[in-house]
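The values are calculated or read from the model by the stated rules, or taken from the named source; none is laboratory data. In this text the structure is predicted, and so the values were computed from the model without any measurement. In this analysis, Cβ positions are derived from the backbone assuming ideal geometry, glycine residues included, and neighbour counts consider all displayed protein chains. Note: areas computed on protein heavy atoms with side chains; ligands, DNA, RNA excluded. Shrake-Rupley method; radii C 1.70, N 1.55, O 1.52, S 1.80 Å.
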Amino acid sequence: MPPWGAALALLLAAFALLCLLALRLRRPCRRAVGARTLPGARREDHGEEVDSGGPAGQFSDGREPLPGGCRLICKPSALAQCLLRALRRSAALEPGPRPWLSGPHLQTLCHFVLPVGPGSELAREYLQLADDGLVALDWVVGPVARGRRATNAGGLPAVLLVIPNAWGRLTRNVLGLCLLALERGYYPVIFHRRGHHGCPLVSPRLQPFGDPSDLKEAITYIRFRHPAAPLFAVSEGSGSALLLSYLGECGSSSYVTGAACISPVLRCREWFEAGLPWPYERGFLLHQKVALSRYATALEDTVDTRKLFRSRSLREFEETLFCHTKSFPISWDTYWDHNDPLRDVDEAAVPVLCVCSADDPVCGPPNHVLPTELFHSNPYFFLLLSRHGGHCGFLRQEPLPAWSHEVTLEYFRALTDFFRTEERMKGLSRRRASFLAGRRRWATLPKREVSPSSSLEEIFSWKRSYTR
């Protein structure tokens, strides 16, 4: 790790401790105003049921309950029933977090602040894009467990494309998901945007929040390198805007078999305009400023770097970087017309599972930030809503991985089995239809008339000629 990286990690750790202390001190004030929980939830200190008017209360009526207090919200379909059966059998949803891990802020800060553990082996590739820009692909190649299992019947490993958050920080949960996927027989690869996580910024152009053009080229390359392997995709937090934009723009032409979004930001414009709680707003903003400070000279010709690094909110930073450019300035409305991840959501033709938490402190209450009509009307979108988990946390007791990782891989396994069963049934239907059509054609053929004088040898002479 470079010296500035170590200093940044220490600075973020100290900042997180101060934020956690501030949130802890402010917690009684918010609960005195009236904190509410999910239906059926019990207070840990008194053991009594609380009112069902919590932030996720509107999701409880007519939804499918799951172990661990989770609920699956989706449009009824054969795929939904298959996914529901798989989730009900899932052992990852059974155990709840320890009491000291159930707090949403602690789960979130552990996810973003704790350093990435050692042990992962990455093989980096730089992909030159059509405009001469560079993106990075980190293939997770080790450590490989002895009992590695294949993900499909043919024994060919499926490729798992992982998209980190939009701030470019590689979190411990992302690497944990990749290592778990590698153990389960996948071939994980992490996509890094221009200028993120050590990827050089060779041109003064960064990737907007929901522009999937770079991701399209990366997926095309992955498909070229592994043409016969199934491709699954997972996104984390704000990185879900990139994945959803790709699925919407490509539609049925997408190379992805199935996708999952962990704590996605779906209503992105409202999320930027409303702002985050101040500890997270300042932390994410500080991380972006430090990451782009190394490219300040290269960006001077395109943006007002002085105003950029004096930004006091994520919206001001995003607007200065992508809207108030010197070469082609655009309005805030125009920017979101081209970068809203749900702009082409009706064209998506790939199953997408969104794993969200009702106590997410970054995205906000689910009844304000989750478009429930999308999951009720679109058969490709599924929402798994849990009571606890924070933002991208979903932690369990060590050394168990985050339960969202287990659920995501089980979801991909259920998709693989469902599609394999569907193909088998379609093959049987085609063979049955072909057989019935052949019988109908045989019944309409004119019968061969045999003269009484013909002998049995003449009638069956074709058998003798065939067997010679």
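Couple of notes before you dig in:
- Output for region 227-257, where each listed residue is β-branched (Val, Ile, Thr) and under 12 Å from the mean Cα position of the chain (by Cα): 234, 256
- The requirement of being farther than 22 Å from residue 348 by Cβ, in contact (Cβ under 8 Å) with a residue 60 or more places away in the chain and in contact with a helix residue (DSSP H, G or I) (Cβ under 9 Å, 6 or more places away or on another chain) is not satisfied by residue 267.
- Close pairs (8 angstrom Cβ cut-off, 6 or more residues apart or separate chains): closer than 16 Å to residue 262 by Cβ and charged (D, E, K, R) in region 407-430, at pLDDT below 95 and surrounded by 10 or more Cβ atoms within 10 Å (Cβ to Cβ) anywhere: 410/86; 410/87; 410/90; 410/92
- Taking the criterion of being out of contact with any Asp or Glu (no Cβ under 6 Å at 6 or more places or on another chain), buried (at least 18 other Cβ atoms within 10 Å of the Cβ) and either assigned to a helix (DSSP H, G or I) or among the basic types (Lys, Arg) (or both), the residues of region 244-268 that qualify are 244, 245, 246, 247, 250, 267, 268.
- Checked against the criterion of being modelled with pLDDT of 95 or more and within 20 Å of residue 243 (Cβ to Cβ), the candidates 353, 370, 385 yield just one match: 353.
- Taking (1) open to solvent by 30 Å² or more (accessible area, probe 1.4 Å); (2) farther than 30 Å from residue 92 by Cα in turn, residue 320 satisfies each apart from (1).
- For the residues 241, 229, the requirement of being open to solvent by less than 10 Å² (accessible area, probe 1.4 Å), among the hydrophobic types (A, V, I, L, M, F, W, C), more than 17 Å from residue 135 (Cα to Cα) and assigned to a helix (DSSP H, G or I) singles out 241.
- Set side by side, the residues 360, 301, 340 differ, and just one is closer than 22 Å to residue 113 by Cβ and acidic (Asp, Glu), which is 360.
- Filtered by the rule that a residue be at pLDDT 90 or above, more than 16 Å from residue 412 (Cα to Cα) and in a loop (DSSP other than H, G, I, E, B), region 167-196 gives 193, 194, 195, 196.
- Some residue of region 337-349 being over 28 Å from residue 252 (Cβ atoms) and either in a loop (DSSP other than H, G, I, E, B) or open to solvent by 30 Å² or more (accessible area, probe 1.4 Å) (or both): no
- When 164, 200 are screened for being crowded, with 21+ Cβ neighbours inside 10 Å and modelled with pLDDT of 90 or more, only 164 passes.
- Among residues of region 291-312 that are open to solvent by 20 Å² or more (accessible area, probe 1.4 Å), those with a beta-carbon under 7 Å from a residue that is among the β-branched types (Val, Ile, Thr) and not in a loop (DSSP other than H, G, I, E, B) at least six positions away or on a different chain give the pairs 296/305; 304/320; 307/320.
- Boolean, residue 193 is under 30 Å from residue 297 (Cα atoms) and in contact with a Gly (Cβ under 7 Å, 6 or more places away or on another chain): yes
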